[in-house]
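This report concerns only the one structure given below.
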Amino acid sequence: MSYFENVPQVKYEGKNSKNPFAFKFYNPDEVILGKKMKDHLRFAMAYWHTLNADGTDPFGSGTLDRTYGKPDTMERAYAKADAAFDLMTKLGIEYFCFHDVDVCPQGNSLEEFKKNLSDITDYFKKKMDETGIKLLWGTANVFGNPRYMSGAGTSPNVDSFVCAAAQIKNAIDATIKLGGLGYVFWGGREGYDTLLNTDMDFELKNLARLLTMARNYARSQGFKGVFYIEPKPKEPTKHQYDFDAATAIGFLRANGLADDFRMNIENNHATLAMHTFQHELRTSAINGMFGSVDANQGDDMLGWDTDMFPSNVYDCTLAMYEVIKAGGFTTGGLNFDSKVRRQSYTPEDIAYAHILDMDSFALGLRAAAALIEDGRIDKFIEERYSSWKSEIGEAILADKCTLDQLEAAAGERWDTKVPSGREEYLQEIINSVLFSL
Ligand code: XUL
Ligand code: CO
């Protein structure tokens, strides 16, 4: 009996369909801006939220049965893998992402954990060959176990650092074994709560040391994929070292890691940093660091990482606008780092959640493509900066001006009129394009 036995194969039926198990907007093979929708979007399933998270919150125990009718042994790991590949096949999701601890029990020793990871990845490999599903990225969970309570790469305790290195090595091996396109570092406990007990400089240098060792090891093993940093400003620690894209990029550059790493931008992390999703994507792109996306959304009224399935089409539109403008995904994709609400407790709810997010991003893609084809936004921005095409503008851009020369030129410009920013006019363009799809 399959966990998702009540979920049929999900197909595109168009926007008038009322079939809850159909896509209304995601038509995988439809070509938009010269590329199939599925190749623009590159959807990935997040193993941890989709198959493990049981809805436990600080006020109550789990409401979602994610035991797959099996005890918490390798038996469950295999049943869970069957459910995972069944779901991805039914939804036409071609990629997945996982942490080492998501996919098998950790056992009572490193040796046991390694054996379990090796066995389950053998099983994944078989399933991947059968279905054509690929690994978008792997990662190690070096934040959950109490040994990482004060950090992994940034722990004051050297033994925690050593254990994290061992987990990362094995997660890299698993990623390589499965042909993973990327490897993610989300610095769960890499940060601090108070400087009263923290040597920040020491911790940051050690974090760079660990990432460098990981990069060197992976490359020595033939890994050709991309490493990602996933910025997040807070939660679990008060001051996360990878606060946002700009901070993470600065850190990578300062430590000689910028050639191997890109950003994995998560919407809910962006909003926690008081940035928009677009801001984080644009910051990555203009620094040559655009990579991959953890697609979810937060709640406007809650200040924590609610990891909700994306339903906000406006956000998805502006995000896909950035993705297309950045040249589209190459190694990355849209990983649904999202979980169903704890009242949505049936297996079918997981399917509905993915249909929602895939359709939201499909709408976002359609709208972003329409905005680009419409061209009014691009044209507006070009005109807004057109004064730079003047003689003095070009001279400044060619670095041929001194402050003295500019002072001499300023007098006749003292009453210059800056053109209107026309924010509301531009928002109306987005609405009109969105609602005429
Ligand atoms: C936590 C988070 C992680 C990373 C992978 O907020 O987003 O699940 O995506 O470790
Ligand atoms: Co994430």
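So here's what we get for this one:
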quantity: Pairwise label distance in nanometres, T346 with D82, each label 7 Å out on the Cα-Cβ vector; calculated: 2.2 nm
quantity: Full-extension gain in nm, N197 to K325, via 0.36 nm per residue minus C-alpha separation; calculated: 41.7 nm
quantity: Ranked packing of 264-271, 288-295, most packed first, by mean Cβ within 10 Å; calculated: 264-271, 288-295
quantity: Residue order, fewest to most surrounding Cβ atoms within 10 angstrom, among Y217, Y385; calculated: Y385, Y217
quantity: Summed side-chain charge close to G256 - residues other than G256 whose Cβ falls under 14 Å, Lys, Arg +1, Asp, Glu -1; calculated: +3
quantity: Eligible lysines near K205 by straight Cα distance, threshold 27 Å, same-chain separation 8 or greater; calculated: K169, K224, K232, K234, K238
quantity: Distance between modelled label sites at K400 and V418, nm, 7 Å Cα→Cβ extension; calculated: 2.7 nm
quantity: Relative counts (whole %) of C-alpha pair distances in the stretch 150-232, using bins that are 10 Å wide; calculated: 18, 49, 26, 7, 0
quantity: Cα long-axis angle, helix 423-434 against the chain (0 to 90 degrees, to the nearest 10); calculated: 50 degrees
quantity: Local net charge near H40, Cβ-Cβ under 12 Å (Lys/Arg +1, Asp/Glu -1); calculated: +2
quantity: For the chain: rounded, prolate or oblate by the Cα gyration tensor [a/c cutoff 1.5]; calculated: oblate
quantity: Built amide H within the under 5 Å cut-off of K11, gap 5+; calculated: F23
quantity: J(HN,Hα) series, the stretch 282-291, from Karplus relation 6.51 cos²θ - 1.76 cosθ + 1.60, nearest Hz, glycine and proline x; calculated: 5, 4, 5, 5, 6, 9, x, 10, 5, x
quantity: Karplus-derived HN-Hα couplings along the stretch 252-267 (A = 6.51, B = -1.76, C = 1.60, θ = phi - 60°), whole Hz, x at Gly and Pro; calculated: 5, 5, 5, 10, x, 10, 5, 6, 9, 10, 10, 9, 10, 8, 10, 4
quantity: Relative contact order for the chain, counting Cα pairs under 8 Å that sit 6 or more residues apart, in percent; calculated: 16 percent
quantity: DSSP-defined antiparallel bridges as percent of all bridges, the chain, nearest 5; calculated: 20 percent
quantity: Fewest-first sequence of K134, K232 by Cβ atoms within 10 Å of each Cβ; calculated: K134, K232
quantity: Cα extents of the stretch 377-434 along the three principal axes, largest first (Å); calculated: 48, 24, 13
quantity: Lys, Arg +1 and Asp, Glu -1 on Cβ, resulting dipole of the chain about Cα centre, debye, nearest 20; calculated: 940 debye
quantity: Rounded to 10°, Cα long-axis angle of helix 347-374 versus longest principal axis of the chain; calculated: 20 degrees
quantity: Relative exposure of R413, R147, R215, judged by other C-beta atoms within 10 Å (fewest first); calculated: R413, R147, R215
quantity: Spatial separation of Cα centroids for the stretch 126-150 and the stretch 157-214, in angstrom; calculated: 15 Å
quantity: Placed amide H near V226: partners under 5 Å, 5+ positions off or other chain; calculated: G182, Y183
quantity: Crossing angle, helix 74-91 versus the chain [Cα axis fit, 0-90 degrees, rounded to tens]; calculated: 40 degrees
quantity: Long-range amide H partners of V293 with built H, under 5 Å; calculated: I265, G333, N335
quantity: The stretch 55-158: projected area of the alpha-carbon convex hull, averaged over directions, in nm²; calculated: 8.4 nm²
quantity: Distance-filtered residues of the stretch 124-144 - backbone nitrogen under 19 Å, label point 7 angstrom along K70 Cα→Cβ; calculated: 124-131
quantity: Phi-based couplings in Hz for the stretch 215-231 (Karplus 6.51, -1.76, 1.60; Gly and Pro marked x); calculated: 4, 5, 5, 4, 5, 5, 8, x, 5, 9, x, 9, 8, 10, 9, 10, x
quantity: For the stretch 32-79 and the stretch 344-399, distance of Cα centres in Å; calculated: 29 Å
quantity: Computed FRET value (nearest 0.05) for K35 with R209, which takes r as the C-beta separation and R₀ as 51 Å; calculated: 0.80
quantity: Gyration tensor verdict on the stretch 1-40 (Cα atoms; rounded if a/c is under 1.5, prolate if a/b is larger than b/c, oblate otherwise); calculated: oblate
quantity: Rotationally averaged projected area of the stretch 219-265 (alpha carbon convex hull; nm²); calculated: 3.8 nm²
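All of the numbers you see were taken from the coordinates with simple rules; none came from a lab. Note that this is a predicted model, so its numbers are computed, not measured. Heads up, the Cβs are rebuilt from the backbone with ideal geometry, glycines too, and the neighbour counts pull from every protein chain shown.
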